[in-house]
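What follows is a short report on a single structure.
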Amino acid sequence: MSGRLTHWVAAGVMAVVGVIAAAGPAQAADTPKPDPRTAGRVAFGLQPATRGTIDGRPAYRYGVTPGARLTDQVAVRNLSTTPVTFQVYATDAVNSANGDFGLLARATRPRDVGRWFTVGGRGFDGSVRVAARGTVVLPLLLRVPADAQPGDHTGGVIVSLATASKAKDGANVILDQRVAARVFVRVSGPQRPGLTVNPVRADYRGTWNPLGRGRSTITYTVTNTGNINLGGRQRVVVRGLLGSGQPSAAIVDLGLLLPGGSAEVTTVVAKTLPLIRERAEVSVIPLVQVGDQVSGLRTYTGTATFWAVPWTSLASLLLLGLVTGSLSRRARRCRRPPAPPVDTDRPVVVGERRARRLGVSATLAVAALVSGATAAHAADTPYADTAATGGITLCDGAGRPVTAGGISTALAASVVGGGAAQAPYDGETGAAGLFAFQPRRGALPGEWSGQGLTALSRFTDKAHPAVEILPRDATLQTFLNGYPALWDGLVQLRIYLRAAGAPTNTSAYSATSLRVSGDRWVQVGPAAGDVCGAGTATSVVRLLGLPTTAPAKTAPRATARPTSAPTSATPTDTASAGAAVTRTPSPPATTSTASPTADAGSVAVTAASPARQVSSSGGGNRWPVVVAVALLLAVSGFLLRRKRGARDSS
């Protein structure tokens, strides 16, 4: 996916925070009583386990046949300093209206894979008490129905904690903190991958500049009509009567769409040439999770036509025609000989001078419009990142700016952005992460490949979001191993913001560029200024008390690359009842707390086929220059004919 967020969710763990406010001051009978020792300060996690020990899986992933039975384990961790009672249960996954991955509320009864799981064994009432700094491992039992439908069934195993407190206005507030490990179950049988792009709606808004471009807004819905989980690499192009294509602004890849799930997408072509009748073309290339083997994939498309009439340009041409006609009539009147022979030359000279002045003024106006249009086109390069709202300053441990370094060591101790955090990312749940991207010629910045370099960090200065870089975080060398610097040795850094209940903000971010030469890098992009002392940044890894240095031995990272071939899972678990069951290995997990530091909507994906690159600088803006030059030649010809007529009449 563009801006792949798999590094933020290395554990594949999701944090969901829900707040319920009661109108009355009295507590209901089933409302948990406030616990001042734990309210707002409890950190906990949930991870897959094997033989009573936490393993390195970030999610549960099984390949089964109908009627299969499988046993597994889940570890519930209490990272706080007091004993806490948690609720543990399984449920189904769903897609929100914008395609984000989510899990059903506890009050909603699961109908799919959530019903197949039994947590805790016989006699388990759904609650478990965990000692301070302790871990409890519970058994899991998966029973696949004999009539289970082939394809993907997705859900999650959740540990939750509900705490009560008082709001400032005296109302009762219940904070439901949930941490989940995803569950992916693929039932054997025919695979039917499929996406639809429908309906596609387009709207054009013009500009007052007669040689300018308007703005087209394209909205469409992508729906997973098959039985396999799919993502999607999106591309939107607007084509006019001349056939030139204008790509839209950067569009991030679609997240994981479950069978039956959908996502509504809105994108903008900010500089649409008004060529009367336009056509918006939407194409979606399916993306599959790393390790999946899916056949029958193809590119899915949708189109819509709309009107883009250049009313301002037509009005300008009409006005210029009226001015030219007036000049022509005035010139003809001036060429008529006057009755008194004494005054023969005077009317002709006066009329000729006036016509010449008007003609020169019109010529200069057209030339100014032509030069303005040419200058605007020269500044409209296809390589500018219009989503960047500020630069990035790299800082060392002493708070001094860093502008160069080695690719095999940490870039810096922290990075600080120049773009202020906007709501809701400027609240208490706001967090930031550092990403690296691979610039490519002929591709928009939103189509560049990239990956996360750090975990999320909580920052204190909302005007300058910052990210802490730990020794355990990925180096520039790690990124270059998967994404070489193909364009003049350039690598782009971005700071993405995240907040509870909101998607990752990939439409506005702080960014800068590095140039790599050999084993060294130099910052060549914009910095945020002298901001190394602006607030502090603390990594979630440090907040959880996890090791800040690189682990001695880790499983290989599953990297999403647009042209890589899917890898297959090799380890196999034994299954009862003669059913085939496979489990895909994954990178080591990191415990997630009930905070917005984990991203529920990101999925490691690989493209089924490479995306076609189209440059954003087409020849579609030549027609205003051609029209202006033609008008200039017409006015010049009129003046020459007028001069010859005046000479002949004299």
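At a glance:
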read-out: The stretch 83-142: number of residues that are in a strand (DSSP E or B) and among the aromatic types (F, W, Y); value: 4
read-out: Condition met for L241 (open to solvent by less than 60 Å² (accessible area, probe 1.4 Å) and either in a loop (DSSP other than H, G, I, E, B) or under 30 Å from D92 (Cβ atoms) (or both)); value: no
read-out: Hits in the stretch 193-240 - residues which are of a type in the set (K, R), more than 14 Å from V265 (Cα to Cα) and in contact (Cβ under 8 Å) with a residue 40 or more places away in the chain; value: R213, R215, R239
read-out: Scan of the stretch 458-480 for residues that are within 16 Å of L411 (Cα to Cα) and outside any loop (DSSP other than H, G, I, E, B), ordered by number; value: A466, V467, E468, L476, Q477, T478, F479, L480
read-out: Search result, residues across the stretch 127-178 that are in contact (Cβ under 8 Å) with a residue 60 or more places away in the chain, acidic (D, E) and farther than 16 Å from Y62 by Cβ; value: D147, D176
read-out: Qualifying residue in the stretch 319-336 (condition: assigned to a helix (DSSP H, G or I) and at pLDDT below 70); value: yes
read-out: Residues satisfying the stated conditions in the stretch 266-318, i.e. under 24 Å from G206 (Cα atoms), part of a strand (DSSP E or B) and open to solvent by 20 Å² or more (accessible area, probe 1.4 Å); value: T266, V268, A270, K271, I276, R277, R279, E281, T303, T305, W307
read-out: Residues of the stretch 81-95 satisfying the condition of being open to solvent by 50 Å² or more (accessible area, probe 1.4 Å) and under 27 Å from A148 (Cα atoms); value: V94
read-out: Set A164, A180, A146: member being outside any strand (DSSP E or B) and under 30 Å from P110 (Cα atoms); value: A146
read-out: Checklist (1) in a strand (DSSP E or B); (2) out of contact with any Lys or Arg (no Cβ under 9 Å at 6 or more places or on another chain); (3) hydrophobic (A, V, I, L, M, F, W, C) applied to F437, failing item; value: (2)
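The values are calculated or read from the model by the stated rules, or taken from the named source; none is laboratory data. None of these values were measured; they are calculated from a predicted model. We place every Cβ from the backbone using ideal geometry, glycine too, and count neighbours over all the protein chains shown. When the accessible area is computed, the model is the full protein with side chains, heavy atoms only, and any ligands, DNA or RNA have been set aside. Shrake-Rupley method; radii C 1.70, N 1.55, O 1.52, S 1.80 Å.
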